[in-house]
Amino acid sequence: MKNTVVVGAQFGDEGKAKITDLLAYEADFITRFQGGSNAGHTVIANGKKYAFHLVPSGILYENKICMIGAGCVIKPDDLKKEIEDIISQGITREHFEKCLKISPLAHITMKYHTDIDGYSENSLGKNKIGTTKKGIGPTYTDKYRRTGIRVEDLFNKETLSKKIDIILPAKNKELEFVYNLKPYAKEEILSECEEYRKILAPYVDFNWQENLLNIKNNKSILFEGAQGVMLDVDYGTYPYVTSSNPIAGGAGVGASVGPMSIQRAIGVFKAYMTRVGEGAFITELDNETGEKLRSIGGEFGVTTGRARRCGWFDAISAKYAVLAGGLSEVALTKLDVLDTFDEIKVAIAYKNKVTGKTTTQYPTDVFTHYDWEPVYEVHKGWNCDISKCKTYDELPQNAKNYLKRLEELLGIKITIISVGPDREQTIFVD
Ligand code: GDP
Ligand code: IMO
Ligand code: MG
């Protein structure tokens, strides 16, 4: 298998995990490269439904190494719960100890990070980002401020003690005087770190340099993204974004490979669109049609349970995601959700409500998004069940027309079509 990166190309929850799990069958090494347990990834396999947050979606296979890469942030108690939940579904602890690896360079989400995330969101009121409150933003802030605690620090008492002496005085001032939150004593931080060390110990790959060299030379790699291009901290709907880089290029940084080591960049798009959290969403349907998409598509968050906002496919943001995300092909999911719609709309331009001007360029200043309305192209629905189609030829003509038009608008090929949540409900297009 060619080294492949799978990323979300909309606002997350596109069905990436289903695609990663499928492609993982042919890969030797599956690595998450960014994000943390803000992600909620569903895989349905062998009649069971699994929810992954930080564990890579290749863990269900025997003999594959699944790595949580350096670009990720880890909240060890959440990871522990996630592993225990998967174990309770029949995957053994020995399997985890053999197959799950963690980069010593990944950053740790401390309790004070979740305290700050919760406080910031509450205090922002109607201006909140709508985060998952998993401490993601504050952990990445400390990473880039160079005051983070990394996995490897947990395993070196001296380094940890020195780091805490440097970090804690300023962090406590920030907690008390900026956020009006309780400060921490050094002893509390040390015992939190000790608890995290025990949780992570079976998985940390201190031999990662040698192992990575071997993988690069002899094995095939699947890079798993979380979130989506439109939530990317640089290219997404800033500031209504996450704090990492879910674009294909993020894989190089977050999993220590060079650009020449990646041959395919698959962008996963839903056949319509959803978003959780705040921020403009130009094709959002705050009406019965949106409600119908939500109920048929089961659009409720895996991590927070929040109802997802739903809307039509936005080809303007999608074309932008292909460009900014560095995508080379498309996996289109949830096409079956559109089975009972007489009409299916696609935004092919935006019209400015104030000036009357139309554009097909994606406006990156999201504060202007409320001024833009979608210009729709209307497609005829197919009004039949496609969830059992196994080949492209079996799809109804109207579904093929819809796919062809999306390909034309995006300028890259749709190589995977998903017509249901199960592994078997997938069409690989030659
Ligand atoms: P991710 O975060 O991108 O991995 O996506 P989520 O797991 O948050 O949400 C995708 C949801 O859609 C999950 O419940 C999947 O089981 C489901 N799903 C994935 N592909 C399809 C599909 O083609 N059709 C339908 N009906 N459901 C799908
Ligand atoms: P997966 O991997 C959908 C959204 C949050 C919020 C913004 C910032 O399942 O696609 P954060 O907690 O990251 O600081 O929140 O990003 N968000 C997601 N939305 N799917 C996700 O992950 C998300 N992870 C974060 O709702 O708007
Ligand atoms: Mg999700």
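None of the figures in this text is laboratory data; all of them are computed from the coordinates on show. A quick note: this is a predicted structure, and the numbers were derived from the prediction, not measured. Neighbour counts are summed over all protein chains in view; Cβ atoms, including those assigned to glycine, are modelled from backbone coordinates with ideal geometry.
Overview of values
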{"quantity": "Cut-off under 5 Å, modelled amide H: who pairs with A265 long-range", "calculated": "V5, S328, E329"}
{"quantity": "0 to 90° range, to nearest 10: angle between helix 186-200 axis and the chain longest Cα axis", "calculated": "60 degrees"}
{"quantity": "All Cα pairs of the chain, percent lying beyond 32 Å", "calculated": "37 percent"}
{"quantity": "The chain: calculated mean residue ellipticity at 222 nm from DSSP helix runs of at least 4, using -39500 (n - 2.57)", "calculated": "-9500 deg cm²/dmol"}
{"quantity": "Max mean-square fluctuation residue, GNM over the chain, Cα-Cα springs under 10 Å, options A201, A324, A349", "calculated": "A201"}
{"quantity": "Ranked by how many other beta carbons lie within 10 Å on average, peptides 80-88, 221-229, 252-260 from highest", "calculated": "221-229, 252-260, 80-88"}
{"quantity": "Listed peptides 233-245, 20-32 by packing density, highest first (mean Cβ within 10 Å)", "calculated": "20-32, 233-245"}
{"quantity": "A45 long-range amide H proximity, modeled H, under 5 Å", "calculated": "Y50"}
{"quantity": "For region 1-122, share of DSSP beta bridges that run antiparallel, in % to the nearest 5", "calculated": "35 percent"}
{"quantity": "Förster radius 45 Å - calculated FRET efficiency between E94 and T368, Cβ distance, rounded to 0.05", "calculated": "0.25"}
{"quantity": "Farthest positive-ward along region 266-396 dipole, Cα basis, beta-carbon charges - from T358, T304, W382", "calculated": "T304"}
{"quantity": "Net lengthening on full extension, L124/R405 (0.36 nm per residue, minus Cα-Cα)", "calculated": "97.1 nm"}
{"quantity": "DSSP beta bridges in the chain [antiparallel fraction, %, rounded to 5]", "calculated": "40 percent"}
{"quantity": "Amide H partners (placed H, <5 Å) of M67, local residues excluded", "calculated": "I30, T31, R32, K101"}
{"quantity": "Computed label-point distance, nm, for sites F155 and N214 using a 7 Å Cα→Cβ extension", "calculated": "1.6 nm"}
{"quantity": "Size of electric dipole in region 107-200: Cβ of Lys, Arg +1 and of Asp, Glu -1, about Cα centre, debye, nearest 20", "calculated": "300 debye"}
{"quantity": "Positive-pole candidate from N156, H41, T368, dipole of the chain, charges at beta carbon", "calculated": "N156"}
